[in-house]
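Input: a single structure, listed below in C-alpha cells.
Bear in mind that the values in this text are calculations on the coordinates, not laboratory data. Values in this document were obtained by computation on a predicted structure and should not be read as measured data. Every residue, glycine among them, receives a Cβ derived from its backbone with ideal geometry; neighbour counts consider all protein chains shown.
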C-alpha cells in the first residue's frame with residue numbers, strides 16, 4: 001500500500017513541479033502538493049548523503065537534519081553518510097547509486113559533489129529527491145534547499161571592497177583561492193565574487209584564480225604563489241570556503257605588504273568566526289548550515305505527505321567583528 005501511494009505521489013509531484021533543482025528559489029515556484037497526501041506505517045526512511053562527514057560545516061548540516069528527526073521521530077528516520085573529503089567523487093557517487101537501489105528508502109536528500117553525474121544517477125528513480133547545498137539539474141529533483149551561493153558571494157565581494165577602501169587601498173584588486181574546478185557551488189561563488197567586487201569598484205582578476213580543491217594545504221601553496229607574483233600586496237583575497245581563507249591569511253601573516261589585505265571566507269564556521277574576532281580573518285559570508293540540514297528534511301517530509309513545498313533559500317550573513325560574537329554564541333547549541 002505504501003509503495004503504491006508513494007508512486008502516486010511522485011507522479012503527481014512531477015506533473016505539478018514548476019521548477020527543478022536547477023531553477024529559482026522564488027517562493028512563487030512552490031507546489032501545493034496536489035492530491036498526494038498518504039498514510040504510512042511508521043516514519044519515512046530517508047537516505048541523506050553529505051559532501052563529506054569530516055568537516056565542521058557538514059557536521060552542523062547533519063546536526064540540523066538530526067534536530068528535525070529528533071523533533072519528529074514519528075515522521076522520519078535518517079540514514080546519513082558522506083565520504084572522507086569533498087574530492088572523493090566516485091565514493092559519493094557509488095553511495096548514491098547503491099542507496100537508489102535500496103527499496104526500503106522512501107526518498108533521498110543529496111548534496112552532490114558532481115551534479116551532472118548525480119543527475120544521471122537519479123534519472124530512473126520513482127522516489128522523491130531533494131538537493132541541498134548544491135543544485136541538481138534534473139526533473140527528478142523536486143526541490144533545492146540551501147544558500148543562494150552567487151548572491152551571498154556577491155554581497156561578500158561588495159563588503160570586501162568597502163573594507164579595502166577603509167583600509168586605505170586605492171588599487172583594489174581581488175584574487176580568488178577557489179575550490180574544485182567544475183563544481184557548481186564553486187562556480188556560483190566565483191561568479192558572485194566577480195560581480196560583487198567589480199560592481200563595488202574593485203577588479204576581480206579572473207586569470208589569477210587559484211584552484212585549491214577546497215583544502216587548506218593547497219590554499220597555503222596558492223597563497224605562497226600569490227605573494228611571490230604580487231610582492232607589493234593584493235587588496236582582497238577571497239576564498240571558496242573558510243578553511244582556505246584561514247590558511248591563506250595565516251600564510252601571509254608575517255608579510256608586511258599583506259598586513260592590510262582583506263581576507264574573505266565563505267561558510268561562517270566556528271574557527272573562522274573566532275579568527276574574525278581575533279583579527280586573523282577579516283570577514284566571512286556565513287551560511288545558515290544548521291537550517292540547510294533542518295529544512296532539507298522538512299522539505300522531503302512535506303513532499304511525501306503531499307503538502308505544499310518549494311525551493312528554500314536559507315539565507316546568508318556577512319560576519320565581521322561587529323556581529324561575530326553573536327554568530328559564535330550559536331555554535332554552543334549546534335555542536336552539542
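Based on DSSP H segments of at least four residues, each scored -39500 (n - 2.57), the chain has a per-residue ellipticity at 222 nm of -13500 deg cm²/dmol. Note on the chain: GNM, Cα springs under 10 Å; of 171, 254, 242, the largest mean-square fluctuation is that of 254.
Seen against the Cα atoms of the chain and their longest principal axis, helix 216-229 is set at about 30 degrees.
Measuring between their Cα centroids, the stretch 61-79 and the stretch 300-336 lie 15 Å from each other. Please work out the C-alpha center-to-center distance from the stretch 214-279 to the stretch 151-196 and express it in whole Å. Centre-to-centre (Cα) distance: 13 Å.
Please state the shape class of the stretch 149-286: rounded when a/c is under 1.5, otherwise prolate if a/b exceeds b/c and oblate if not, all from the C-alpha gyration tensor. Verdict is rounded for the stretch 149-286.
Averaging the sequence gap over all C-alpha pairs within less than 8 Å and six or more residues apart, then dividing by the number of residues, gives the stretch 149-286 a relative contact order of 26 percent.
The angle between the Cα long axis of helix 149-166 and the longest principal axis of the Cα atoms of the chain comes to about 20 degrees, rounded to the nearest 10. Where (i) 0.98; (ii) 1.20; (iii) 1.03 are the candidate values, the label of the one calculated here for Cα Rg over 2.2 N^0.38 Å is (iii). The label point for residue 45 and the one for residue 328, both projected 7 Å from the Cα toward the Cβ, are 4.4 nm apart. Angle of helix 324-334 to the longest C-alpha principal axis of the chain, folded into 0 to 90 degrees and rounded to 10: 30°.
Of 106, 139, 70, the residue with the greatest mean-square motion in the GNM of the chain, using alpha carbon springs below 10 Å, is 70.
Tell me, 147, 320, 282, 52 in order of fewest to most beta-carbon neighbours within 10 Å? All intermediate terms of the calculation are to be shown ahead of the outcome.
Details: 147 28, 320 15, 282 25, 52 20.
So the ranking, lowest neighbour count to highest, is 320, 52, 282, 147.
Among 41, 133, 313, the residue with the largest mean-square fluctuation in a Gaussian network model of the chain, with springs joining Cα atoms closer than 10 Å, is 41.
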